[in-house]
Amino acid sequence: MPSPFGSSQGHEKKIGHRRVDASGETTYKKTTSSALKGAIQLGIGYTVGNLSSKPERDVLMQDFYVVESIFFPSEGSNLTPAHHFPDFRFKTYAPVAFRYFRELFGIRPDDYLYSLCNEPLIELSNPGASGSIFYVTRDDEFIIKTVLHKEAEFLQKLLPGYYMNLNQNPRTLLPKFFGLYCVQCGGKNIRVVVMNNILPRSVRMHLKFDLKGSTYKRRASKKEREKSKPTFKDLDFLSDIPEGLTLDQDTYGALVKTLQRDCLVLESFKIMDYSLLLGVHNKTQAERERQSQGSPIKGGDEKRPAGQRSLYSSAMESIQGGSTCRDTLEQDDTMGGIPAMGAKGERLLLFIGIIDILQSYRLIKKLEHSWKSLIHDGDTVSVHRPSFYAERFYKFCSTVVFKKSCCEFVHRSQFVVFPLVLIKGTRALPLPYSLKHLDGTTVVICVLGSSLRKLTSPLLLLFLHQVKS
């Protein structure tokens, strides 16, 4: 078993409470990952199953402070099954309140149990520098993350306001919390939170960013860049994607409105140091790679398996909702991502969400900002007062990361983009204009710039040519 301090074993990697020994086994507070996964699944299976037998009712203020506890001896009891893990106690925080949150996002108890308890949880191999352990369910729906005591405590205090905000604005990029639990084992408390999974494993992320709107030390380290799936930061985004990511007008409007509202909520709770997690799937590159490998290009990329990536897990649903999704955007085609265009016309899918919100602007953060701002420009450091942090974060996301297209574009995998310059004097066409070819393919014309009826200079058109399946 790893040393409590980690330094006595040369081959052991230690970050916070998470340790990985020479054999690759992960432990958290001296509890093996396999035992922790088993305890989580047994505990959730019992508590959710027990709660589903109770009648539904309105959430009361005292529900946010309820803590239920059940002991799981390895030999079993009249309430719990026998198991091959060490004895543990399982605590469930605010079970009625979290049941309401799950219902709000359309998660039925049997679906929740099936996702979390039916198959073994998968430990993520690149969890980041927080010292937490991350598990993902096999159907890609949920993330389970270990949290510190102060973070779990802060989430408990946040719940009444979180409840009020979700009632008013269910469309949010804030983390969707579905459960808060604690495994007591070997005299240690291991607290875990169940959240929505922002980045599905079934979709290849060609790029991944953690963005705060800060420039101070916001570049991925050399060690991070050497990873197979590195997470880049703000300065990397500015150098690699200086033009930003272009969204159609409606999607951009919905996204920035959601971001603005979420930032106001975070500011009101004095939350800061959060990030925008951004995963970029390059559909154009993926199709080129498949073509070079001899695979046929189909209508879309990796199709999500039936029943996978429900709407409560999708980025598009978080900002728009099913009722406002455009007819040109099919769920299977976008896989729940937000369609976007790169600077070179690449068709992209964006998977986004705000993460790491369980940070309160307390004394330690105030002191951290004070000494950093003495050495560096105070406006560039990431630790800042909540109001300034929210304003800077929103401005960076809405003006640097995401850009509004000057025209509507169709984002379907069966279209290829062709540029054409329309010369002055050419006959104007009513828009949108479609030409039907004899072979059954279709050309759709969109204009970038002013109206075709007011031609005073060459204009760039987009020819979106439908490729036959």
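The values are calculated or read from the model by the stated rules, or taken from the named source; none is laboratory data. Keep in mind that what you see is a predicted model, and the values were worked out from it rather than measured. Note that each Cβ is placed from the backbone with ideal geometry, even for glycine, and that neighbours are counted across all protein chains shown.
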Has the stretch 126-135 got at least one residue that is closer than 26 Å to L350 by Cα, in contact with an Asp or Glu (Cβ under 6 Å, 6 or more places away or on another chain) and among the aromatic types (F, W, Y)?
yes
Which pairs turn up if I take residues in the stretch 138-160 that are without any contact (Cβ under 8 Å) to a residue 24 or more places away in the chain and among the charged types (D, E, K, R) and look for partners that are outside any helix (DSSP H, G or I) and surrounded by fewer than 19 Cβ atoms within 10 Å (Cβ to Cβ) with beta carbon separation below 6 Å, at least 6 apart in sequence or on another chain?
R138/E119
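Given the condition aromatic (F, W, Y) and modelled with pLDDT of 90 or more, answer yes or no: does some residue in the stretch 155-175 qualify? Please lay out each step first, then the result.
Step one: list which residues in the stretch 155-175 are aromatic (F, W, Y), which gives 162-163.
Cutting the leftovers down to modelled with pLDDT of 90 or more gives us none.
No, the stretch 155-175 contains no residue that is aromatic (F, W, Y) and modelled with pLDDT of 90 or more.
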Among the residues in the stretch 169-188, are any among the aliphatic types (A, V, I, L, M), surrounded by fewer than 20 Cβ atoms within 10 Å (Cβ to Cβ) and under 20 Å from the mean Cα position of the chain (by Cα)?
no
Against the definition (touching a residue at least 12 places away in the same chain (Cβ under 8 Å) and in the same structural domain as I190 (by TED's automatic domain parsing)), how does G76 come out, yes or no?
no
Working only within the stretch 113-122, note down all residues that are touching a helix residue (DSSP H, G or I) at 6+ places or on another chain (Cβ under 9 Å), in a helix (DSSP H, G or I) and over 18 Å from C182 (Cβ atoms).
L113
Among the strands (runs of 3 or more DSSP E) lying completely within the stretch 8-98, list those that include at least 1 residues that are hydrophobic (A, V, I, L, M, F, W, C).
13-15, 18-20, 67-72, 88-93
Considering only residues that are farther than 21 Å from E119 by Cβ and basic (K, R), look in the stretch 16-54 and name the one that is modelled with the lowest pLDDT.
R18
Please determine whether any residue of the stretch 132-146 is outside any loop (DSSP other than H, G, I, E, B) and surrounded by fewer than 16 Cβ atoms within 10 Å (Cβ to Cβ).
no
